[in-house]
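Peer 1: Here it is: the structure, laid out below.
Just so it is clear, none of the values below were taken in a lab; they were calculated from the coordinates. Quantities reported herein were computed from a predicted structural model and do not represent experimental measurements. Please note: Cβ atoms are built from the backbone with ideal geometry, for glycine as well, and neighbour counts cover all protein chains shown.
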Amino acid sequence: MEHIKDILFNVVDAIEQKKEDTPSKIFSMWESVVGEKIARHTKPYRFKRNKLYVTVDEATWAYELSQKYKRNLIDKLNKELAKNLIHDIYFRIGEINIRNS
């Protein structure tokens with residue numbers, strides 16, 4: 001018979017693993033969800049407390065995405081995750097790795 005502390009440890013461990021998997025899942029599906037054009041100019045770098053943080057290579061892209069497309073991106077990402085995990089996206093201007101085409 002399993003002790004309650006062992007059961008609780010297993011439950012907490014499973015929850016922590018799911019939390020850790022979420023950012024990698026979001027990062028790996030980013031291009032397929034947002035499309036190649038947006039992905040060339042963006043790179044998600046952090047997911048914390050239901051907020052996704054994305055680096056954008058130019059101010060014009062940061063403005064367009066935050067003003068016109070943020071809600072749509074959140075909806076598409078949450079639909080792909082099959083959960084309402086992302087509540088907001090924050091865009092910052094910075095350097096991103098250029099992907100080979």
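Peer 1: At a Cα cut-off below 23 Å, give the lysines reachable from K25, other chains included and same-chain residues fewer than 8 away excluded.
Peer 2: By straight Cα distance, K25 reaches K37, K43, K48, K51, K70, K76, K79, K83.
Peer 1: Within a Cβ distance under 9 Å of G94, other residues only, what is the Lys/Arg minus Asp/Glu net charge?
Peer 2: 0
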